[in-house]
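All remarks here apply to the structure that follows.
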Amino acid sequence: MSEIQFEIDGKEVKATEGMTILEAAQNVGIFIPTLCHHEKLEPFGGCRVCIVEVEVNGWTKLVVSCVYPVEENIIVRTRSEKVDRIRKTIIELLMAHAPDSPQLQDLAQEYGADKDRFEKDASFCIHCGLCVRYCAEVVKKNAIGFVDRGINKEISFIPEIAAKECNDCKECFPLCPTSYLQAAFVLTEALAFPPPSSEPVSEE
Amino acid sequence: MDNDRIDQIIDKHQGEASSLIQILLDIQSENHWLPKEALERIGEKVQVPLTRIQHIATFYKAFSLVPKGRHEIHICVGTACHVRGATRILDTVEEATGINPGETDLDLKFSLETVNCLGCCALGPVVEINGKVHGKMSPGATAEVLKNYE
Ligand code: SF4
Ligand code: FES
Ligand code: FES
């Protein structure tokens, strides 16, 4: 693995090939906000708040730092005027779905985001996929997944698996950046009202 | 659709997880919808979690998780067909079948769907039934065509 040298916020940084900008930044103590990142999980790039500006040969572009691999001699800016402006909008968009999320409220304060800028569609889920990916990648039970797409996308438990596994686990609950209760609610719903085509859930 | 037939379809695709969408499409076209039991069977055979299969089956509009009729009617309500009277065609079909777009009748005879352009605007208004395109339709002709389906 070859070593790669580049710059983050004016600081010379060394990283190994294949690392993401986010990892490299965290290694040297530079903070980049994240919502869908989790060190035990594969990079996902779902929430976009970790967006940074990257300058390559004089050209700048915006990239998502949790999935963008480091490159030789690039210049990364985690808080340029442009990054701040765009991150603010991303936070505002996410807040249309989860206005009460403590993590989003903190970010909103930091970036001056207005939680009421966009019309509310409080689904409480920002599709960060932490619960879904944690269940698949770490717990390996695949009890919860996404269904549908676009504005209708939501999390959904498989009642048969959830009835067996979730009560003793619930490890995904505290991961949720919007509210601890979101997954809990959907789980209860799945167990109490399983879809009609499924077999009755056995009592334990 | 019984398990043997599902297994046959899976075997046709060598039970490969990478052929998941093809397997689902085959079952969809033969059975007109994807019953939960079928999804579970596929999951076991190709070793893909049900959550993932559900995600795919709900992502693409080609799949249905609720029973569909034997004959699928797609009525184009795209701009070209709209100006040529697609609404009247739609009314005729709703009247004849008793169902609205997105619905299936109780005898599982017809399912009705609207689409936003079938790509043959010069033939508008267009009605597609079971993949067969009927162009330049009038309400009368549409009612006649529907009689051919049992
Ligand atoms: S419920 Fe929470 S953890 Fe799960 S995808 Fe939605 S926002 Fe993320
Ligand atoms: S942390 Fe990078 S996109 Fe969510
Ligand atoms: S609008 Fe109907 S085919 Fe194009």
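The values are calculated or read from the model by the stated rules, or taken from the named source; none is laboratory data. This one's a predicted model, so the numbers in the text were calculated from it and none came from an experiment. Using ideal geometry, Cβ is built from the backbone for each residue, glycine included, and neighbour counts are taken over all protein chains shown. Only protein heavy atoms, including side chains, enter the accessible area calculation; ligands, DNA and RNA are left aside. Shrake-Rupley method; radii C 1.70, N 1.55, O 1.52, S 1.80 Å.
Tell me which of B:17, A:18, B:86 sits at the most positive position along the dipole axis of the protein assembly as shown, charges placed on C-beta atoms (Lys, Arg +1; Asp, Glu -1).
Towards the positive end, the residue furthest out is B:86.
Can you give the calculated 222 nm mean residue ellipticity of chain A, where each DSSP H run of n ≥ 4 adds -39,500 (n - 2.57) and the sum is split over every residue, rounded to the nearest 500 deg cm²/dmol?
Theoretical 222 nm ellipticity from helices: -8500 deg cm²/dmol.
Using the Cα centre as the reference, give the magnitude of the dipole from point charges on the C-beta atoms of region A:3-111 (Lys, Arg: +1; Asp, Glu: -1; all else neutral), rounded to the nearest 20 debye.
Dipole of region A:3-111, to the nearest 20 debye: 300 debye.
Go through B:12/B:147; A:82/B:61; A:153/B:45 and tell me which ones have a Cα-Cα distance over 29 Å in this structure.
Among B:12/B:147; A:82/B:61; A:153/B:45, the Cα-Cα distance tops 29 Å for B:12/B:147; A:82/B:61.
Compute the helix-to-body angle for B:3-12: its Cα long axis versus the longest principal axis of chain B, expressed 0 to 90° and rounded to tens.
Helix B:3-12 sits roughly 90 degrees off the main axis of chain B.
Pick out which of A:178, A:89, A:188 has the largest mean-square fluctuation in a Gaussian network model of chain A, springs linking Cα atoms closer than 10 Å.
It is A:188.
Can you tell which of A:77, A:117, A:149 shows the greatest fluctuation in a Gaussian network model of chain A with Cα springs below 10 Å?
A:149
With the full set of protein chains in place, find how many percent of the accessible area of the protein assembly as shown is carbon and sulfur; take the probe as 1.4 Å.
Whole-percent figure for carbon plus sulfur exposure: 51.
Keeping every protein chain in place, order A:179, B:18, B:111 by accessible area at 1.4 Å, biggest value first, i.e. largest first.
So the residues, ranked largest to smallest area, are B:18, A:179, B:111.
Under a GNM of chain A (C-alpha, springs under 10 Å), which listed residue has the highest mean-square fluctuation: A:86, A:161, A:75?
Among A:86, A:161, A:75, the largest GNM mean-square fluctuation belongs to A:161.
Hey, what angle do you get for helix B:50-59 against the long axis of chain B, alpha-carbon based, 0 to 90 degrees rounded to 10?
Computed tilt is about 20 degrees.
So who's got an amide H within less than 5 Å of the one on residue A:19, skipping anything under 5 residues away but keeping other chains? H placed 1.01 Å off N, in plane.
Here A:70 satisfy the definition.
Would you mind calculating the relative contact order of region A:130-192 from Cα pairs under 8 angstrom and at least 6 residues apart, reporting the percent as a whole number?
Relative contact order here is 31 percent.
Work out from phi, with θ = phi - 60° and the Karplus expression 6.51 cos²θ - 1.76 cosθ + 1.60, the ³J(HN,Hα) of each residue of region B:64-75, listed in order in whole Hz, and give x for Gly and Pro.
Once rounded to whole Hz, the list reads 10, 9, 10, x, 10, x, 5, 10, 9, 9, 10, 10.
Taking 8 Å as the Cα distance limit and 6 or more residues as the minimum spacing, I'd like the relative contact order of region A:1-71 as a percentage.
33
Compute the relative contact order of chain A as a whole-number percentage, counting only Cα pairs closer than 8 Å that sit 6 or more residues apart in sequence.
Once normalised by length, the contact order is 16 percent.
Taking the Cα centre of region B:60-140 as the origin, how large is its charge dipole in debye, to the nearest 20, when only Lys and Arg (+1) and Asp and Glu (-1) carry charge on their Cβ atoms?
300
If ligands, DNA and RNA are left out, what is the accessible area of residue A:137 with a 1.4 Å probe, given in Å² to the nearest 10?
That residue has around 60 Å² of solvent-accessible surface.
In peptide A:138-151, how many Cβ atoms from other protein chains are near each Cβ within 10 Å, on average?
Averaged over the peptide's residues, the number is 3.
Can you spot the aspartates and glutamates whose alpha carbon is less than 20 Å from residue A:14's alpha carbon? Ignore those fewer than 8 places along the same chain.
A:3, A:23, A:39, A:53, A:55, A:71, A:72
Treat every Asp and Glu Cβ in chain B as -1 and every Lys and Arg Cβ as +1, leave all other atoms uncharged, and give the resulting dipole magnitude about the Cα centre to the nearest 20 debye.
Roughly 480 debye for chain B.
Between chains B and A, what is the buried accessible area summed over both chains (1.4 Å probe, protein heavy atoms, nearest 100 Å²)?
1100
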